[in-house]
Amino acid sequence: MQQWQLGEARITAVVEQALSMDGLIYKAKPDVLADIAWLSPHYVDADGSLLGLVQCFVVELDGKLTVIDTCVGDHKDLPSDPAWHQKAFGLLEKFKAAGFDPASVDLVLCTHLHLDHVGINTRLEDGRWVPTFPNARYLFARDEYEYWKAEAEQEPVDPKTLEKPFDRYRAGFQATQRMVHQQSVEPVVAAGLAELVDTHNEQECEPLPGITLVPTHGHTPGHVSVEIASGGAKALITGDSFHHPCQIARAEWATVADHDREASTATRQRVLRELAGTDTLMLGTHFAEPSGGTIARDGDSYRLKT
Ligand SMILES: [Zn+2]
């Protein structure tokens, strides 16, 4: 199990499942990946495939327990992703096996509201979706929540009626996201546990001392990263502003899942500029192990130093 100690803060990664990222980043083909030697063997395998994880980070600081991103979850309706649709990955059991009690969680943060970041926000109880962490505050960025709520209220489009493959993919994904909103987000709101926070105009928010939401828009409209600071040490949990470490070397490589590719690229460039040469630990939510490192300059670009 990966753990990092930062001052008084302890961060633990609880892994839900391995994730292949082939096809997610158009430009990340084996021949060009081979030019970025430091990616092997941890992040790119011998065949040039992109390796990754679905995992959540748990932060223990000042007696408070914070969970950041809650993965795919169990028994969720995710029809556009057959590998995840109505499956069970047992993340909650792994969370408990790591020594954490769901009833003791104080704060749940979602970097964004995509299907693989909100899964165990809720669990199924007698056929109803109920919050998994009954004593926690769940914080959602207001821009992010309102975007997906509006999407969920729109009339669904049948992907089969669309001609272009990309339009069909988008329509299928939106249909899944509507269900994600209904099963993993709205039940938290209905239970009165959700708080919406304003993060637009680069506004930061510190829900607990040492835990700050930092706007990193682009992948989704209200995407945030989470900074952990204690005793002069810092970490930045980057969510999906970086899907894969190859985007540290090539910040302009947006993913097919990025809502606004120019904005996501600008965000990656900004984060890399700010972290380069500092002791701040970057923790990549989908990065294979080792999932954390510092950022160093590498010629005209950057690399992850683990
Ligand atoms: Zn993701």
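Of Ile237, Ile248, Ile295, all but one fail to be more than 16 Å from the ligand (Cβ to nearest atom), within 25 Å of Val14 (Cα to Cα) and surrounded by 23 or more Cβ atoms within 10 Å (Cβ to Cβ); the exception is Ile248. Against the list (1) under 17 Å from His112 (Cβ atoms); (2) within 16 Å of the ligand (Cβ to nearest atom); (3) modelled with pLDDT of 95 or more; (4) not charged (D, E, K, R), the condition His259 fails is (3).
Of the residues in region 182-214, how many are under 14 Å from Pro79 (Cβ atoms) and surrounded by 18 or more Cβ atoms within 10 Å (Cβ to Cβ)?
Keep residues of region 182-214 that are under 14 Å from Pro79 (Cβ atoms), which gives 182-183.
Those left that are additionally surrounded by 18 or more Cβ atoms within 10 Å (Cβ to Cβ): 183.
Counting residues in region 182-214 that are under 14 Å from Pro79 (Cβ atoms) and surrounded by 18 or more Cβ atoms within 10 Å (Cβ to Cβ) gives 1.
Mind checking whether some residue in region 272-285 is buried (at least 20 other Cβ atoms within 10 Å of the Cβ), closer than 26 Å to Asp45 by Cβ, hydroxyl-bearing (Ser, Thr, Tyr) and away from the ligand (no atom under 16 Å from the Cβ)? No.
Have a look at Val108, Val157 and point out the one that is among the β-branched types (Val, Ile, Thr) and under 22 Å from Val54 (Cβ atoms).
Working: Val157 fails: under 22 Å from Val54 (Cβ atoms).
Result: Val108 is the single residue among Val108, Val157 that is among the β-branched types (Val, Ile, Thr) and under 22 Å from Val54 (Cβ atoms).
Out of Val44, Val14, one residue alone is touching a Cys at 6+ places or on another chain (Cβ under 8 Å), touching a residue at least 12 places away in the same chain (Cβ under 8 Å), crowded, with 20+ Cβ neighbours inside 10 Å and more than 22 Å from Leu92 (Cβ to Cβ). It is Val44.
Answer with yes or no whether Ala9 is at pLDDT below 95 and either touching a Lys or Arg at 6+ places or on another chain (Cβ under 9 Å) or farther than 24 Å from Gly90 by Cβ (or both).
Values: at pLDDT below 95: no; either touching a Lys or Arg at 6+ places or on another chain (Cβ under 9 Å) or farther than 24 Å from Gly90 by Cβ (or both): yes.
No: the conditions fail for Ala9.
Just wondering, is there one or more residues in region 194-216 that are within 30 Å of Lys29 (Cα to Cα), within 15 Å of the ligand (Cβ to nearest atom) and modelled with pLDDT of 95 or more? Let's see the steps before the verdict.
So the first thing to find is which residues in region 194-216 are within 30 Å of Lys29 (Cα to Cα), and the list is 215-216.
Next, from what is left, pick out any that are within 15 Å of the ligand (Cβ to nearest atom): 216.
Narrowing the set further to residues that are modelled with pLDDT of 95 or more leaves 216.
Yes, that holds for at least one residue.
Check region 20-40 and report whether any residue there is surrounded by 21 or more Cβ atoms within 10 Å (Cβ to Cβ), within 19 Å of the chain's Cα centre (by Cα) and farther than 21 Å from Ala136 by Cα. Within region 20-40, one or more residues are surrounded by 21 or more Cβ atoms within 10 Å (Cβ to Cβ), within 19 Å of the chain's Cα centre (by Cα) and farther than 21 Å from Ala136 by Cα.
Restricting attention to region 88-117 and to residues that are within 16 Å of the ligand (Cβ to nearest atom) and either more than 17 Å from Val197 (Cα to Cα) or small (Gly, Ala, Ser) (or both), the residue that is surrounded by the fewest Cβ atoms within 10 Å (Cβ to Cβ) turns out to be Phe89.
The values are calculated or read from the model by the stated rules, or taken from the named source; none is laboratory data. Computed from a predicted structure; not experimentally measured. Because the Cβ atoms are built from the backbone with ideal geometry, glycine has one as well, and the counts that use them run over all protein chains shown.
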